[in-house]
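Worksheet: the structure to be examined is printed underneath.
The values are calculated or read from the model by the stated rules, or taken from the named source; none is laboratory data. Just so we're clear, the structure is a prediction, and the values are computed from it rather than from any experiment. A quick note on method: Cβ atoms are made from the backbone with ideal geometry, for glycine too, and the neighbour counts reach across all protein chains shown. The protein model used for the area step is the full one, side chains on, heavy atoms only, and it has no ligands, DNA or RNA in it. Shrake-Rupley method; radii C 1.70, N 1.55, O 1.52, S 1.80 Å.
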Amino acid sequence: MKTYFSMLLCILLSTVSYGQEKNETKQDTTKQKTTKLNAVIVTGDLKTDPVLTIVANKYDEKIVQPKNVADLFNNINGFSVIKRGNYAIDPSFRGAQYEQLNIQYDGGTKAMHACPNRMDPITTHIIPEEISKIEIIKGPYTVRYGATFGGIVNLVTQKPDYEDTGFHGKVSGGYESNGNSLVNLAQVQYIQKKYDIVANTGYRDFGNYEDGDGTEIPSSFRSLDYGFKLGYNFSEDQRFQAHWRQSFGRDVLHAALPMDTEYDNSSIIALDYSLENIGTTIQSLTAKAYYSYVDHLMTNDNRPSFMMMEAASAVDATTLGGKLELNWQPSEKINVFSGVDAMHVARDGGRTRLVKVMNGNMLATPMLFNDKVWQDSYITDMGLFTELKYSISSKTVLTAGMRYDNVIAEIQDPEDDFAEMYDLEKRTEHNISGTVSVKHRVSDYFTFEAAYGRGVRSANMIERFINHFTVGQDPYEYIGNPNLDAEINNQFEIGFKGNTLLKNGFNSLKYQTSLYYSFLENYIVGIVDDNLTRKYNPTLNPINPKVFRNLDNAYKTGVEAMLQLDFLNHYFLKSEFSYVYSRNKDLNESLPLTPPFTSRFVFGFEKPKFWANVQYNIVATQHNISPSYGETKTDGYQTMDLRLGVKPFHNLTLGVAVINAFDKTYNNHLNFSFTNQADFGRTPITEPGRNFSAFLQYAF
């Protein structure tokens, strides 16, 4: 029986003492001064950082295995992943997902998906090995990085070491036994005082994995990526950088979607400029512009439905945007960030259907139909923001921010039946969001934070313009609603973190806790409309489609906590858990895709050249479900992962791991169900069984 392995090195949360924060601030400040571009959000500075943040790092330091996109999020407290296979994976944080999360690269670059079933989310357009760390702002607690509803996820790519000039690089390769999967990466960089060049390429070949019962799950894919990054320093305080990358996905199988990806091609270019130390009052100016294009083709050639109907859908998405921000200090205690940003998303494409069987009868001449998927639609968001940070004292910072978004949406080539349902004039929305928070360093070893954020999210293109397509976890056809009001998240949160120094062989006790409550206005969900019927396969159940509507009475609350004991200099014990409770009072059920109670226990050993850990994962049964979304109760499960890494030589890193060591058969509550698959009923897709892996990296 084949076995499978795909998890990431256990991620250590950034819950450190003030003394450690001071060291990190010093290091990060030096790095920021030499790189001159603020691709990161969290720098370790009390006076500039947002409140209530997580930094999951050491991705590029303690490598033990090849990484899938899911591996970047699986071990961050509060995160889950929504899986439709091994490729189409979306992160979920505290039950917020999709456009409810503001996901970006390097402080603002975005690439939106082309597929209405999200076969190609933003996380598929970058090599996971490129990510050095992930920064998370836990709610709408800053207005500087675009419209934010449930939080910000900033994927920070690796930066060259500007203190080590000349030619350098690294090559790496990894193997997973469950699926016979291979990953490869090569990166070179040339650094000089005036300029720097970085180039990388990666190839991934993942096979179908087997679950704990030995059942093969259709999930294979291949992808090729490459990128170039060029930076030029006009002076010590002025820098320009250009980043170009392309990704090519091929033959992607989606176990829980009705079609497979033939190809998924993406191109992304980002331009960044910074000017620092301008004057006494005006501190710095930063500018960013980006463009991305995704070309996507999906078919049902290898599905059971192909015998009755051949379907192919070619769609594309264009995303472009930018940001201009000025940092100014009217006084010693006041630090202000003001600016404008914009994002434009346009999608188009259609589906062709060659129908061979109709009403149970084989047609002598198949009938060809053309369906408009995106109906040539676009959404443009132009934002204006100001965020002020006031240093009440050397230990206390008050933050207040306000943001205005002008959102324009238009459908330019509607289907006749969709045009009959709505008045499809161009629509303009005016959204106001804001935040106020305080961060207080009680002592060198304890920090307290409290925040309120009002996050506003206008409906996305699926919720506005989709027309009789199955885009949910259930088999319903969904119909968009261009008249939806924007969702509003009023989120309150308090948190604290600290570090207590110990004696007698015990080094320190680190801890972190966050408690939050959100009441949600105009929450967008799909509701069955008994007055409408299916458009495609009208005799199949369910007959009535769902239409996106706003609901008023919804809320969400939860907690995350972490406790870590460091002892005997190199050993640690860590425990963490997260819990989310949500309620849709209008339908008297939970909100869709609410994750179950999740906890982890880790025992580990760390030295600069050797590290190992054992992680025990416990996920509870999820009884709080959304039946209207097609959810059913999900059983709990327990798994164990083993990881070991070593640096036998200065430039060589070797990692081995065993994931799901007990070969458990299970599925996460957020997994979608098998769809249009031979030999599979409509049940949630199961996770990989036992998996062995090895990873080798050489740097020069």
Checked pairs for segment 326-340, first farther than 17 Å from V143 by Cβ, second open to solvent by 50 Å² or more (accessible area, probe 1.4 Å), C-beta under 7 Å and 6 or more apart or across chains, list as Q329/T281; P330/T281; K333/Y390
Residues located in segment 560-570, provided they are over 23 Å from D90 (Cβ atoms) and either in contact with a helix residue (DSSP H, G or I) (Cβ under 9 Å, 6 or more places away or on another chain) or assigned to a strand (DSSP E or B) (or both)
A561, M562, L563, Q564, L565, D566, F567
Inspect segment 516-533 for any residue being part of a loop (DSSP other than H, G, I, E, B), open to solvent by 20 Å² or more (accessible area, probe 1.4 Å) and β-branched (V, I, T) and give the result as yes or no.
yes
Residues in segment 200-211: is at least one closer than 23 Å to F700 by Cα and surrounded by fewer than 20 Cβ atoms within 10 Å (Cβ to Cβ)?
yes
Filtered residues of segment 533-580 (kept if hydrophobic (A, V, I, L, M, F, W, C), more than 29 Å from the chain's Cα centre (by Cα) and closer than 30 Å to F506 by Cα):
L565, F567, L568
Examine segment 466-480 for a residue that is surrounded by 22 or more Cβ atoms within 10 Å (Cβ to Cβ), under 29 Å from L384 (Cβ atoms) and touching a helix residue (DSSP H, G or I) at 6+ places or on another chain (Cβ under 6 Å), and state whether such a residue exists.
yes
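Which of the residues that make up segment 418-449 are open to solvent by 50 Å² or more (accessible area, probe 1.4 Å) and either within 30 Å of Y511 (Cα to Cα) or among the polar types (S, T, N, Q) (or both)?
Hits for segment 418-449 are T428, V436, H440, V442, D444, Y445, F446, F448.
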Looking at I392, I462, I408, which one is under 30 Å from T48 (Cβ atoms) and either in a strand (DSSP E or B) or of a type in the set (A, V, I, L, M, F, W, C) (or both)?
I392
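Taking the options V315, V355, name whichever one is touching a residue at least 12 places away in the same chain (Cβ under 8 Å), closer than 30 Å to T123 by Cα, part of a strand (DSSP E or B) and open to solvent by less than 20 Å² (accessible area, probe 1.4 Å).
V315
One line per residue, one yes/no per condition, for (1) among the aliphatic types (A, V, I, L, M); (2) part of a strand (DSSP E or B):
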position	(1), (2)
I543	yes, no
F572	no, yes
P595	no, no
S599	no, yes
W611	no, yes
State whether one or more residues within segment 227-234 are touching a Phe, Trp or Tyr at 6+ places or on another chain (Cβ under 6 Å), part of a strand (DSSP E or B) and polar (S, T, N, Q).
no
Read through the list (1) within 27 Å of Y516 (Cβ to Cβ); (2) in contact with an Asp or Glu (Cβ under 8 Å, 6 or more places away or on another chain); (3) surrounded by 23 or more Cβ atoms within 10 Å (Cβ to Cβ), then give the number of the only condition that V40 fails.
(3)
Residue hits (segment 285-301; under 29 Å from the mean Cα position of the chain (by Cα) and touching a residue at least 40 places away in the same chain (Cβ under 8 Å)) are L285, T286, K288, Y290, S292, V294, D295, H296, M298, T299, N300
Return the total of residues in segment 311-347 being touching a Leu at 6+ places or on another chain (Cβ under 6 Å) and more than 20 Å from R250 (Cβ to Cβ).
6
